[in-house]
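The values are calculated or read from the model by the stated rules, or taken from the named source; none is laboratory data. Quick caveat, the model's predicted, so the values are computed rather than measured. Here the Cβ is made from the backbone with ideal geometry for all residues, glycine too, and neighbour counts use every protein chain on show.
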Amino acid sequence: MLTSCTGSVGTARSWVRDLLRSGWLGEQLDDVVLITSELVSNAVQHGSTGSAGETVTVTVEVQRGGLAPDSVTVSVHDRVDAAPEQRAAGLDDECGRGLALVEELAHDVGVSRHPGVPGKDVWARVLAT
């Protein structure tokens, strides 16, 4: 759980890199770290209700072995129910490309909600190759 502020983006990036640094993920590690950065950035910028002390939660699920391919799923929970919307960023825009980047790097992307829990989880799954 991280405070909903811009400083939490770097903290989440470092945590995910340290968590997955064993090497099995290969080149996809950088993709997972970048996806984490974009999802946390979006949660901080657009997933806050403005209440003091608000948090975002980052969850990492590793799938290795078994019937499914090896993968990592990063999920970020914020307190706003509205689903994220991809923007059409102009050439000179400094923001607005995050969700497009996540969709390009991930094998699968989605939004989940949990009954009785305010907000949503935005998640992305990356397959290990």
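Hey, among the residues in region 60-95 that are over 23 Å from THR6 (Cβ atoms) and surrounded by 12 or more Cβ atoms within 10 Å (Cβ to Cβ), which one's modelled with the lowest pLDDT?
By that ranking, first place goes to PRO69.
Does region 121-129 include one or more residues that are farther than 18 Å from SER4 by Cβ, at pLDDT below 95 and surrounded by fewer than 17 Cβ atoms within 10 Å (Cβ to Cβ)?
Scanning region 121-129, I find at least one residue that is farther than 18 Å from SER4 by Cβ, at pLDDT below 95 and surrounded by fewer than 17 Cβ atoms within 10 Å (Cβ to Cβ), so the answer is yes.
Restricting to region 6-40, count the residues that are at pLDDT below 90 and either among the aliphatic types (A, V, I, L, M) or under 16 Å from PRO84 (Cα atoms) (or both).
Final tally of qualifying residues: 2.
For THR57, only one of the following conditions fails: (1) more than 14 Å from LEU99 (Cα to Cα); (2) crowded, with 20+ Cβ neighbours inside 10 Å; (3) at pLDDT 90 or above. What is its number?
It is condition (2) that THR57 fails.
What pairs can you find where one residue is in region 85-112 and within 22 Å of VAL58 (Cα to Cα), the other is modelled with pLDDT under 90 and exposed (fewer than 12 other Cβ atoms within 10 Å of the Cβ), and their Cβ atoms are less than 7 Å apart, with a gap of 6+ or different chains?
Between residues of region 85-112 that are within 22 Å of VAL58 (Cα to Cα) and residues that are modelled with pLDDT under 90 and exposed (fewer than 12 other Cβ atoms within 10 Å of the Cβ), the close pairs are VAL111/ALA83.
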